[in-house]
Every structure is written in structure tokens, then in C-alpha cells.
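K.L.:
Input: one structure, supplied below.
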Protein chains: 2
Amino acid sequence: MRIRTHDVRFPTSRELDGSDAMNPDPDYSAAYVVVEDDDGVEGHGFTFTIGRGNEVVRAALDALAPMVVNADLSDLGDFYRRLVHDSQIRWLGPEKGVMHLAAAALVNAAWDLSARRAGLPLWEHLSEMSPDQLVDLVDWRYLSDALTPDEARDLLTAAASGRRERIRRIREVGYPAYTTSAGWLGYDDEKVTRLARQAVDDGFRQIKLKVGADLDDDIRRFARAREAVGPGIRIAVDANQRWDVGQAVDWMTALAPYDPWWIEEPTSPDDILGHAAIRRALQPAGIRVATGEHVANRVVFKQLLQADAVDFVQLDACRVAGVNENIAILLLAAKFGKPVCPHAGGVGLCEAVQHLSFFDYVAVSGSLQDRVIEYVDHLHDHFVDPVVVEGGVYRAPTRPGFSTEMRPESLKRYAFPEGEAWS
Amino acid sequence: MRIRTHDVRFPTSRELDGSDAMNPDPDYSAAYVVVEDDDGVEGHGFTFTIGRGNEVVRAALDALAPMVVNADLSDLGDFYRRLVHDSQIRWLGPEKGVMHLAAAALVNAAWDLSARRAGLPLWEHLSEMSPDQLVDLVDWRYLSDALTPDEARDLLTAAASGRRERIRRIREVGYPAYTTSAGWLGYDDEKVTRLARQAVDDGFRQIKLKVGADLDDDIRRFARAREAVGPGIRIAVDANQRWDVGQAVDWMTALAPYDPWWIEEPTSPDDILGHAAIRRALQPAGIRVATGEHVANRVVFKQLLQADAVDFVQLDACRVAGVNENIAILLLAAKFGKPVCPHAGGVGLCEAVQHLSFFDYVAVSGSLQDRVIEYVDHLHDHFVDPVVVEGGVYRAPTRPGFSTEMRPESLKRYAFPEGEAWS
């Protein structure tokens, strides 16, 4: 097996696309890896960052590469567990931060390769697996007080009978999306209002606004957006970890009259008890709590569920260790009866994460109730198999693989720091 | 300011010193940084790793270096907060994993420089600061639901009056230590028994054994160690994250007859609720719970205290972002009335962390009750100002600085991969 790594960065900070209360000027980036098997079949994976430090994740990919070159990709449960439990590298986390982001990219590249070999889009490739095979993909360490392998097997077996019918149905209707494209913090009121109305015209039933920098601005923008879309459209808000617990409750109470659907990342992603306290305080106002894009691993998700701290589980395709760890998170969410509404946007996150939601519907939760995948209409043209979102839904991917392959010309042009886009 | 970074590794895996249930063959290593001010005064800092991946932490140091070269080191609160809140780099954590380890090394290097300029050992340098100055060193974000700056100021002010007397006293009596040198998992029964008896002869009143690989082995080793030291010596045990919640309870119940003082790292360091469940279950058996060496940041420590999940707070000098974040953790522990018993050992962790415990005694908790600093008699000769442990206590450091400077010949000989020790 051969491994190539890339540092790819898009100069998005020039337009303030992606700006929020904690990330004023992101340059959407990917630490990108290609694994090439001896017969020439490739797998592409990446993790998303917002600029500086992307080279450190690439260095982490290079540090993990020796564990991958001779790996057996026919057992991706074993592959993943070896990667995150190397006894020396584990010290650098465990299972969090830069090393875990790199593990995500490698695990996802291995899955892209596996799905290509199977000739199926990843979501169907996973949906073909038996409950036993799926259970074997998970690292069960630290989960047994919330979910045992036997419970997971029962849950998957119960969902197995309806798989065929759900595959047919989801191909027909698509998976509901919501859009964040209207609500970046760097946009002025007029642009937010115009884009919000446009989103509804395009078929979206949910949009999201960034909040948390200035309360008066938030109230004004939210009021105008609500007026623009009317009462029937869900408006979620996202504070990107800006607040302490008390501040989150006060701020959201002030926004309550405009009927926010959820508050996302009200505080530190590590603060399980903080999220639980915020959720309890906001429940009388009917405001739900969501988090996940920065939740480090399945152990933290487990606790968010045990503590009843969230209403929505926002897994990310590349923050935890890729497909395998996300299967654990899908199973935990199903056990606790919470909808998974993935984080997406960035670079390629929509392309990747859609496969997990389609799989969740077909083989795990079996439900679309209150489930939506985030959508941002941004940077998709750099991918070989870009998402198709129309009428407010993601269309089921059809090409073999994980939709994670970036176009060679984009890898070249946006290579950092040597690519043309940065010269 | 100039910055030099080093990748230093000691081939400790050859002797199985440091072996435990999760780390069978560590090579104790440091990602090491020297900041040199324009007038030639240096500050030395490092973070500890156990081998592979140390080069990734060094890459992280290089990624942070541009934020340091022009920094104002006269305000180390501001310096620290800028370092961990860079809006792009923050995405790689936030405040955890490789980037946070690198921030620890840089923050500690800045403190070494600051203490040298003051002509004081770090613990005295900190003990000279007013409550207001100390409060300004902390990043208060995400803490206010457990501890406010005003509460911290009150706490520090209450302790301020006794500082002079406590400085005098601790110089005289030293700070109690416990030793882990007896109990590595790779040692045979005879060696464990001999070293345990030796530790008591040397004046230690507490020792620690590694457990978690095999229950029969643990029972046998613990029984022999208990027999060797008698009932009056505290024996802590350390599972290094080996267990799930239920397994931790079962295993420790089996070891209860030998009177363990605490169980350390029974499960994932991210599992706050898991630790709380284990503590509740083991309380009837009189077994206490300790954790901290892998706790990612102050937000997780906050929750361990809020959830009453631990009896002892085992902060690490270099896992969280250095002196500043550790001051927050000392303040949180004091607020919740829990003793801080730092993690040490590794490379240079004893040298660094002793300063935090001496400072805690003088200016924060004001108490030695049930407080001990871990000690491992290992690799101290590589430091310019090695710890002095005699009669079971750490002697107060007297040289200006943070005791973090490694000898130039060690930096050279153990440089990885080019140093002589690795050729």
C-alpha cells in the first residue's frame, strides 16, 4: 500500500463565508490522504480544519502512515482499533485532537477504498452488512455502561427487516437538509434576509443563523429572518461555543420570542454537565440543545446522552475516528432515542457525512423524524462526486465510494503553501 | 525572541521501566522548546510523551512559534489566552490533544523565563503575586458555573495572610511524596516486594502499584506488597484507563481486602459520569478515586469536581496548558475541597510539577492534608536542577526558574532520531 498526503487550503477568509462568533476568518482546509492498494485501487480521505495548523494534522498523518502501509484492509474494525490504540501514540490524546483527526482521515480513506471495491456508494455498502459485521466495526471499550454489543446487535437486527423498503424510499424522496448558507455572522442584515427567503424558495424547511457576538445584533437579525421566512420554517441558531452556562441561558431566553428550533454549541463541547444545565433551563421555553461537531469521541457522546444533555446529536464525519466511531455514535443515539443531525459544510463534510445519515435511516434508526443534514453551498465543485441537494433534500449518492475524492486540479491549485491560489 | 525546538527521546522501553496495563513499552520523550529573549535570557519548557508522535508535538510547537516570537511576556495571562484561542488553531482541539500539549510547553517555557528574571524559583515567584494578579492569569471562560473570578479572589485573599509562615514551614519540612518506582507492571513479584520495602525504608508513607492486566496477578502482587510494607503504609493502585465502568467496580472489589488507598484512572479520562459511578460504587468499600494525568483541560476537571467523581485531583504540569491552566485547576480543587496530588514521573514532570504543589500549599489550599506528589526515581540526571527527594519528601527548589532545563549534552545525545543514543 502507498500513502500520499496533502495540505489543501481554500482562502475563504477573504469573503467571510463561514464566519461565526468564534471563527471570524476561517480558511477552509483539508489534511488529505490517498491510500493506494497494490493493485492500484485508491481510497481518499481527509479531515477538515480552518487553516493554521493544517500542517500539524498532515504531520500526524505521516506519523500514522507506517501503521497503515502493511495493514489488512479486509477487517476495518481491527484496522481502526489498531490505529487509535497504538500504545505510544495514544498518549497524545487519547482519542482526541490532532491525532484523532488524522485517524479520521485514514479510516475514511480505507472505507472509500472498501466501498469502491464493493462497487457501491458507502451508505449502501454499510447497509449490506449484517448486524454482526456492523457490531464488529465498533470499539466497545468504555461504552458498556450505556450500550453493550448485544444490545446493539438486537437494535440492528430489529431494523434489518425494513432495509430494502427504506433503501427504495430514500432513493425516491432524498434525505432532508437544512442550510447554514444564509446566516454567517459576517453577512449584513440585507444579505441574511435575502438568503433566508431564497432558502425557503429553494425548498428548505429549516435554516440556521450564527449568534453569540452581540445580543442586539442577534435579536435584530433573528427578527428579520423570522419575518422573512414566516412561522412555519424552523430557524436554528448556533453560538459556536461562545458562552458560559449562565450566559447561554440568558442569551437564549432573550431570543426565545423568535422561536429558535435549537441552540447549537452554546458552550464548551467538553462541558457535558453544562449542556445538561442549559437544556434543563431552556426546556420551559421550548428551546432544544444540539452539539457534536467538536465532541472529541464516542465517550463524550455517550455521556451527553446519559446526562440527557442534548436533543440532537451532531456527529461529524471527520472529527471522531471516521466511519467506525460514527457507527458507535449512531448506535448510541438510537439507543437513547435522539435524532442524529450531522454537522457538515466546511470542505467535503457534506459529501462524506450524507453517507452516514442515509445508512442511519436504512439500517439503524429507521426514521427521518426531526432528522436533517446540514448543508452549505460551498466548495462542492472541488469534488469528483459532489453532493446533489435539490428541493431541500440530499439526493442519494450513487457512485461507488465515500464521495471523498477531491479533483486533482484542486489538490494542486490549493496546495499550501506552494499552490497557485496562495502565490 | 528566538525559539528552538527539540525532539528528545529516552529508550526506556528496553528496561520496562514505566510499563503499565495500557503502556507496555514506553520510550519516555519530550517535545522541548527554548524561548530566548532579545537580551539572552532563556526559558525552557517541554511536554512529555511516550515515544511515537513526539515529532507531531514538535511540529505543533513550530506551528505556534510565530505567535510567540513577538509576544509580550510581561503579561502571561494574555500570552496564554492568545495561544489557546487562536481562532484557526483552536479548531484542532479545542484545548486538547497535540496542540494543547504544545501550548503547555510554550507556556511553561515563558514561566521559566519569567521566574529566572525574577531571580526566584517558580513556586516562590507565583507566591509573591497578589490575588488580583493570580486571578488575571486564568482563562475564566467556561468556569463561571463552578467558580467565578470573585470567588477565586476571595479564596486567595483568605490564604494570603499565612503565606510567609507557610513558605518558612515548607522549606523546613518539604512536601510529601509517594513513589511509583516499585510497582511497574513489567516487574516480577520479587522486584516489586523488594522495592516496596525499600520505599518504606527510604521514608515514603505511600507507594503505588500498576494493575489492570490480569486480576490473579494483581491480587498476588498486591497481597505480597501489603505484607511487605504492613498496614500503616498507603498503597494506591493505578489501572491506566484499562476498564469499563462495571469492570472497574468488580476488579477493585476483588482488591478491596488489601486496602487500596485510591484507584487511579479506572476508565477513560473523558468519562466524568463513569468516574462518578465508580466512586459511588466503591465508597462502601472505602476506596477513593483519582484521575487527571490525561484530563484534557480545566473544563473536564471542573465537571469531575461538580459531579463529585474524584477524591484526588491529579493535575499534570504539561498536559493542560501549563502554569496558567493549572492555577485554574488548583483554584477549582480548593473551591470543592479536594486535595491535589499531581501526576509526575516521565521525563521532567517531577521537576516541573513540584513548583505547583509548593505554590498550592503556600497560596491556594494552605494544606498538606492527604496531599502527595508522585515521585519516580528516573531520568532526573538529565536536568540542570533535578528534584531533591529525601526521607519521602520533595525539598523546596531554590534555583531561579521552573527546574525545566535539560542538560545540553542530554538534548544532544537523546535527540531523535539523530542522537547517539538512537544510532
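The values are calculated or read from the model by the stated rules, or taken from the named source; none is laboratory data. Quick caveat: nothing in here was measured; it's all calculated off a predicted structure. With ideal geometry, Cβ positions are generated from the backbone for all residues, glycine too; neighbour counts draw on all protein chains shown.
K.L.:
Inside region B:111-222, counting only helices (runs of 4 or more DSSP H) that do not spill past its ends, which hold 3 or more residues that are small (Gly, Ala, Ser)?
P.N.:
Fully inside region B:111-222 and qualifying: B:149-160.
K.L.:
Which condition breaks for residue B:146 when tested against (1) under 29 Å from residue A:53 (Cα atoms); (2) in contact (Cβ under 8 Å) with a residue 40 or more places away in the chain; (3) out of contact with any strand residue (DSSP E or B) (no Cβ under 6 Å at 6 or more places or on another chain)?
P.N.:
(1)
K.L.:
Among the residues of region B:146-164, which ones are crowded, with 20+ Cβ neighbours inside 10 Å and within 14 Å of chain A (Cβ to nearest Cβ)?
P.N.:
Correct list: B:146, B:147.
K.L.:
Only one residue in A:248, A:236 is within 24 Å of the chain's Cα centre (by Cα) and within 14 Å of another protein chain (Cβ to nearest Cβ). Which one?
P.N.:
Just a single option satisfies the conditions, and that option is A:248.
K.L.:
Hey, among the residues in region B:43-75 that are among the polar types (S, T, N, Q) and under 30 Å from residue A:87 (Cβ atoms), which one's nearest to the chain's Cα centre (by Cα)? Outline the logic, then answer.
P.N.:
Here is the first cut: in region B:43-75, the ones among the polar types (S, T, N, Q) are B:47, B:49, B:54, B:70, B:74.
Keeping just the survivors that are under 30 Å from residue A:87 (Cβ atoms) gives B:47, B:49, B:54.
Details: B:47: 11, B:49: 13, B:54: 18 Å.
Out of the qualifying residues, it is B:47.
K.L.:
Is there a residue in region B:54-65 that is within 9 Å of another protein chain (Cβ to nearest Cβ), surrounded by fewer than 18 Cβ atoms within 10 Å (Cβ to Cβ) and modelled with pLDDT of 95 or more?
P.N.:
First, pick out the residues of region B:54-65 that are within 9 Å of another protein chain (Cβ to nearest Cβ): B:54-60, B:62-64.
Next, from what is left, pick out any that are surrounded by fewer than 18 Cβ atoms within 10 Å (Cβ to Cβ): B:62.
Among the residues that remain, those that are also modelled with pLDDT of 95 or more are: B:62.
The answer is yes, given that some residue of region B:54-65 is within 9 Å of another protein chain (Cβ to nearest Cβ), surrounded by fewer than 18 Cβ atoms within 10 Å (Cβ to Cβ) and modelled with pLDDT of 95 or more.
K.L.:
Here's another thing I want to ask about it. Mind counting the residues in region A:198-244 that are crowded, with 23+ Cβ neighbours inside 10 Å and farther than 30 Å from residue A:393 by Cβ?
P.N.:
1
K.L.:
Applying the selection to region A:87-137, what residues are within 14 Å of chain B (Cβ to nearest Cβ) and surrounded by fewer than 19 Cβ atoms within 10 Å (Cβ to Cβ)?
P.N.:
Answer for region A:87-137, where residues must be within 14 Å of chain B (Cβ to nearest Cβ) and surrounded by fewer than 19 Cβ atoms within 10 Å (Cβ to Cβ): just A:87.
K.L.:
Within the bounds of region B:399-408, is there any residue that is surrounded by fewer than 24 Cβ atoms within 10 Å (Cβ to Cβ) and not in a loop (DSSP other than H, G, I, E, B)?
P.N.:
Taking region B:399-408 as the starting set, the residues that turn out to be surrounded by fewer than 24 Cβ atoms within 10 Å (Cβ to Cβ) are B:399-400, B:406-408.
Within this subset, residues satisfying the condition of being not in a loop (DSSP other than H, G, I, E, B) are B:406, B:408.
For region B:399-408, residues surrounded by fewer than 24 Cβ atoms within 10 Å (Cβ to Cβ) and not in a loop (DSSP other than H, G, I, E, B): present.
K.L.:
Taking residue A:260 as the residue in question, decide whether it is more than 16 Å from residue A:313 (Cα to Cα) and surrounded by fewer than 16 Cβ atoms within 10 Å (Cβ to Cβ).
P.N.:
So residue A:260 does not fit the description; no.
K.L.:
Among the residues of region B:387-400, are any more than 30 Å from residue B:133 (Cβ to Cβ), under 17 Å from the mean Cα position of the chain (by Cα), not assigned by TED's automatic domain parsing to the domain that holds residue B:48 and not aromatic (Phe, Trp, Tyr)?
P.N.:
So in region B:387-400, the residues more than 30 Å from residue B:133 (Cβ to Cβ) come out as B:389-392.
From what's left, under 17 Å from the mean Cα position of the chain (by Cα): B:389.
Pick out the ones that are also not assigned by TED's automatic domain parsing to the domain that holds residue B:48 and you get B:389.
Checking which are not aromatic (Phe, Trp, Tyr) leaves us with B:389.
Yes, region B:387-400 contains a residue that is more than 30 Å from residue B:133 (Cβ to Cβ), under 17 Å from the mean Cα position of the chain (by Cα), not assigned by TED's automatic domain parsing to the domain that holds residue B:48 and not aromatic (Phe, Trp, Tyr).
K.L.:
Failed condition for residue A:268, given (1) surrounded by fewer than 24 Cβ atoms within 10 Å (Cβ to Cβ); (2) more than 27 Å from residue A:15 (Cβ to Cβ); (3) within 14 Å of chain B (Cβ to nearest Cβ), with all others met?
P.N.:
Failing condition for residue A:268: (1).
K.L.:
Applying the selection to region A:16-53, what residues are more than 7 Å from chain B (Cβ to nearest Cβ), over 14 Å from residue B:99 (Cβ atoms) and aliphatic (A, V, I, L, M)?
P.N.:
A:16, A:21, A:30, A:33, A:34, A:35, A:41
K.L.:
Oh, and also: Report the residue count in region A:29-65 for those that are closer than 17 Å to residue A:410 by Cα, among the small types (Gly, Ala, Ser) and outside any strand (DSSP E or B).
P.N.:
Selection size over region A:29-65: 1.
K.L.:
Going by the conditions given, is residue B:405 in contact (Cβ under 8 Å) with a residue 24 or more places away in the chain, more than 13 Å from the chain's Cα centre (by Cα) and closer than 21 Å to residue B:178 by Cα?
P.N.:
When the stated conditions are applied, residue B:405 does not pass them.
K.L.:
Can residue A:216 be described as more than 14 Å from every other protein chain (Cβ to nearest Cβ) and over 26 Å from the mean Cα position of the chain (by Cα)?
P.N.:
yes
K.L.:
Oh, and also: Where in region B:274-393 are there helices (runs of 4 or more DSSP H), lying fully within it, with 3 or more residues that are more than 14 Å from chain A (Cβ to nearest Cβ) and in contact (Cβ under 8 Å) with a residue 60 or more places away in the chain?
P.N.:
So the answer is B:322-336, B:349-359.
K.L.:
Among the residues of region B:94-110, what is the count of those that are without any contact (Cβ under 8 Å) to a residue 40 or more places away in the chain and outside any helix (DSSP H, G or I)?
P.N.:
Count: 1.
K.L.:
Confirm whether residue B:73 is surrounded by 17 or more Cβ atoms within 10 Å (Cβ to Cβ), among the aliphatic types (A, V, I, L, M) and outside the structural domain of residue B:37 (by TED's automatic domain parsing).
P.N.:
No; evaluated as a whole, the condition is false for this residue.
One line per residue, one yes/no per condition, for (1) of a type in the set (Lys, Arg); (2) closer than 20 Å to residue B:20 by Cα; (3) modelled with pLDDT under 95:
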{"residue": "B:313", "(1), (2), (3)": "no, no, no"}
{"residue": "B:319", "(1), (2), (3)": "yes, yes, no"}
{"residue": "B:324", "(1), (2), (3)": "no, no, no"}
{"residue": "B:328", "(1), (2), (3)": "no, no, no"}
{"residue": "B:334", "(1), (2), (3)": "no, no, no"}
{"residue": "B:339", "(1), (2), (3)": "no, no, no"}
{"residue": "B:349", "(1), (2), (3)": "no, yes, no"}
{"residue": "B:356", "(1), (2), (3)": "no, no, no"}
{"residue": "B:363", "(1), (2), (3)": "no, no, no"}
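K.L.:
A further question follows. Go through (1) among the aliphatic types (A, V, I, L, M); (2) under 30 Å from residue B:7 (Cβ atoms); (3) surrounded by 24 or more Cβ atoms within 10 Å (Cβ to Cβ) for residue B:363 and report which single condition fails.
P.N.:
(2) is the only condition that residue B:363 fails.
K.L.:
Any idea which of (1) of a type in the set (Phe, Trp, Tyr); (2) touching a residue at least 24 places away in the same chain (Cβ under 8 Å); (3) in a helix (DSSP H, G or I) is the one residue A:91 doesn't satisfy?
P.N.:
(2)
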